[in-house]
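**Q** If you scroll down you'll find the structure; I have some questions about it.
The values are calculated or read from the model by the stated rules, or taken from the named source; none is laboratory data. Quick caveat: nothing in here was measured; it's all calculated off a predicted structure. Positions of Cβ are backbone-derived with ideal geometry, glycine not excepted, and every protein chain shown enters the neighbour counts. The accessibility values were calculated without ligands, DNA or RNA, using every heavy atom of the protein model including side chains. Shrake-Rupley method; radii C 1.70, N 1.55, O 1.52, S 1.80 Å.
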Amino acid sequence: MNSIVPEQATPEVRTLAERVFQQLQDAIVRGELAPGSKITEPGLSKAYGISRGPLREAMRRLEAHRLIERVPHVGARVVKLSMRELLELFDLREALESMAARLAAEHMTSEEVAGLREVLALHERQSDLKRGEAYYQREGDLDFHFRIVQGSHNRMLMTLLCDDLYYLVRLYRTQFSASGSRPQRAFVEHHRIVDAIEAGDAELAELLMRRHVSASRANVADRYAAILAQEAETTP
C-alpha cells in the first residue's frame, strides 16, 4: 500500500499516523464506526487518546482510500454506499477478481500457492469462522483475495484491487458476509479456487472466483435490502 503521509511529516509522526490509520480503518471495516456516522477530529482524539497531528494525517489516508468522505456543511463521515453503488462495486470485483484468479493459475509459483494454503489454514482456526458467525480476514498477506490478486502478477490489477479499492471492498466484504451459512460456504469456495490455481486450470479458477464473488454479491444485496427495510420501519 502506498503511504500518502506528507513527506514533511517527521518519522515519529508518520509512524504514529500509520498506527492511527490502521486502528481507525479496522474500526470502520468492523463496523465499530458505523457507515454514514459523522466523525470529528476532537471526538476521535478523545475516543482513541491520540493527538490531533497524527490523527489529521490518518484521516487524510482514510479519505484517500474512500473510507471517509467530506460532506459540505456536515463535515467528515464514514462512507456509506447506496445499494446501486454497492452492487456496482461487486460487479467490478466479479470481473476483475475472476480475471486475477485466471492469471494466478497461469503465473503463481508453488511457493505462492503454498502461502495461500497457509492463509486458509490460519483462517480455519479463527473462532468466528468455527462458530459460523463471520469470516474476518486481516488485511494484506493475511487476506485470501489480496493474495490471489498479487498472484496474478498483473500490475494494473494490483493497483486497482490492492490499493485504489482495497479498503472499500474489505469494508463491505466484512460487514455483510456474516449471514447464515455464508462464512463456511465462502471458506469452502476459497479452497476450491486454490485447488484450481494449483492445478493450473485457469478457466476453472476464473469460473470459481466469478461464482464466489457473485454469491457474495447476492448475499450482500439481500442483507442490505433487509437493513434498509428495517430502517424504514423504525423511521417515524
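**Q** Show the residues, 5+ positions off or on another chain, whose built amide H is closer than 5 Å to the amide H of Val79.
**A** Those lying under 5 Å, H to H, from Val79 are Gly36, Ile68, Glu69.
**Q** Same structure again: If each of Val74 and Ala34 carries a label point 7 Å out from its Cα toward its Cβ, how far apart are those two points in nm?
**A** If labels sit at Val74 and Ala34, their model points lie 1.4 nm apart.
**Q** Something else now. First compute the accessible area of region 58-127 with a 1.4 Å probe, then give the percent of it belonging to carbon and sulfur atoms.
**A** On the way: 1800 of 3450 Å².
Carbon and sulfur atoms account for 52 percent of the accessible area of region 58-127.
**Q** Toward the positive end of the charge dipole of region 16-78, about the Cα centre and with charges on Cβ (Lys, Arg +1; Asp, Glu -1), which of His65, Val20, Ile39 goes farthest?
**A** Going by the charge dipole, the pick is Ile39.
**Q** Can you sort Lys80, Lys38 by 1.4 Å-probe accessible area, starting with the largest?
**A** Working: Lys80 90, Lys38 130 Å².
So the residues, ranked largest to smallest area, are Lys38, Lys80.
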